[in-house]
Amino acid sequence: MGEVRQATADQAAFRDELIQHGLFIASGVPGLYGRGATFEDIRNRVDARITAAAQAEAPESMRFPPLLPRKQIESIGYLHSFPHLAGSVFAFEGGEDEALLQSERADRHEDWSEFQRMTELALVPAACYPVYPAVAARGPLPVGGVVVDAGGAWVFRHEPSEDPARLQMFHQREIVRLGAPEEVRTWRDDWSERGLALLQSLGLDAERDRATDPFFGRGGRMLAANQRSQELKLELLVAIAGDEPTAVASFNYHQDHFAAIYGLAQHDGDVAHTACLGFGQERIVLALLRTHGVDPPSWPAEVRRELWGA
Ligand code: ZN
């Protein structure tokens with residue numbers, strides 16, 4: 001296990017409260033929790049609100065497993081930008097002798113990684129990643145481009161933390177826009193406002209800000225500066241626990257980054273641009289629980305109406 005980020009007293013108290021009330025089910029590993037029925041009910045209702053907000057665009061629905069071909073995270077340069085967050089799947093490929101040694105080590109909870117070999121699989125770190133090659137494989141985009149709803153997919157980030165809002169595996173509701181540069185950027189900007197209104201309708205004190213991705217290392221600082229100056233990433237922030245507000249949604253304009261990798265073209269052959277939005281579902285649920293309390297029946301009537309309809 002990598003280095004574990006410690007929680008503030010406030011974050012630790014909130015995590016304990018979530019576990020006490022059966023909202024989170026502890027696993028013994030930081031950032032990895034089961035979810036109780038109440039938590040899942042809220043998450044699914046938030047998901048339905050996002051579905052309703054997207055309905056006018058009639059997005060094309062695609063669903064992918066929480067694994068993707070390792071080649072894809074290699075092609076998009078994920079290991080340059082976020083080597084610290086990636087998760088890859090290894091599996092056993094030995095004979096009987098190695099199997100015995102491996103199981104003996106495992107019985108003692110010692111390191112058995114030397115018996116494991118890399119597979120062709122990696123864990124999905126962002127729910128939009130499988131969308132770009134899937135759409136590119138169909139050929140040029142139709143006139144007006146494409147909107148894809150990738151659903152509320154499980155994603156993995158290797159960042160063990162005691163902060164209950166920083167999970168190693170969580171649901172990201174992603175919608176992706178592919179098309180002409182100006183229509184893609186406008187879509188991204190419009191959605192950041194629609195997302196802000198959605199969170200505010202749930203009684204959350206949300207604000208929008210320019211943001212950067214957690215790029216790795218010295219080279220990453222340049223990427224982040226460029227991302228900020230060009231306003232490529234917008235985030236919606238809500239206070240959950242701790243000293244800083246937490247990002248609960250992001251709206252990302254990739255320019256031609258994915259198009260160049262996968263050969264995404266517009267109907268007339270010009271290069272396409274892409275944007276995506278991602279709602280961090282668990283973080284939105286946590287923000288609701290923190291703002292309105294851990295007992296949803298006692299939430300404000302207007303918030304209950306938005307989510308439960310009564
Ligand atoms: Zn995305």
Label-point separation (nm) for A137 and E244, each offset 7 Å from Cα along Cα-to-Cβ?
-> 3.8 nm
For the chain, which DSSP H helices look membrane-span-like by this rule: Cα extent along the axis of 15 Å or more and mean Kyte-Doolittle of at least -0.5?
-> 9-20, 37-54, 281-292
Residues in the range 182-199, backbone N under 18 Å from the label point at E231 (7 Å along the Cα-to-beta-carbon vector): list them, ranges by number please.
-> 182-197
In what sequence, highest mean first, do 162-175, 107-120, 284-297, 255-268 appear when ranked by Cβ atoms within 10 angstrom?
-> 162-175, 284-297, 255-268, 107-120
Quick one: if you stick a label point 7 Å off each Cα along the C-beta vector at A301 and R117, how many nm between them?
-> 6.6 nm
Dipole-positive endmost among T119, Y129, A53 within the range 45-152 (Cβ charges, Cα centre) | A53
Would you work out the charge dipole size for the range 1-140 about its Cα centre, treating the Cβ of every Lys and Arg as +1 and the Cβ of every Asp and Glu as -1, and quote it to the nearest 20 debye?
-> 740 debye
On alpha-carbon atoms, Rg over Rh for the range 222-310 using Kirkwood Rh?
-> 1.17
Assigning unit charges at the beta carbon (Lys, Arg +1; Asp, Glu -1) and nothing else, what dipole magnitude in debye, to the nearest 20, does the range 127-255 show about its Cα centre?
-> 500 debye
Among G34, Q172, L199 the positive-end extreme of the charge dipole of the chain (Cβ point charges) | L199
Cα-centred dipole magnitude for the chain, charges only on beta-carbon of K, R (+1) and D, E (-1), debye, nearest 20 = 540 debye
Please state, rounded to one decimal and in Å, the Kirkwood hydrodynamic radius that the chain gives when every pair of distinct Cα atoms enters the mean of 1/r.
-> 20.9 Å
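Quick note: the coordinates plus some simple rules give every number you see, no bench work behind them. Values in this document were obtained by computation on a predicted structure and should not be read as measured data. Because the Cβ atoms are built from the backbone with ideal geometry, glycine has one as well, and the counts that use them run over all protein chains shown.
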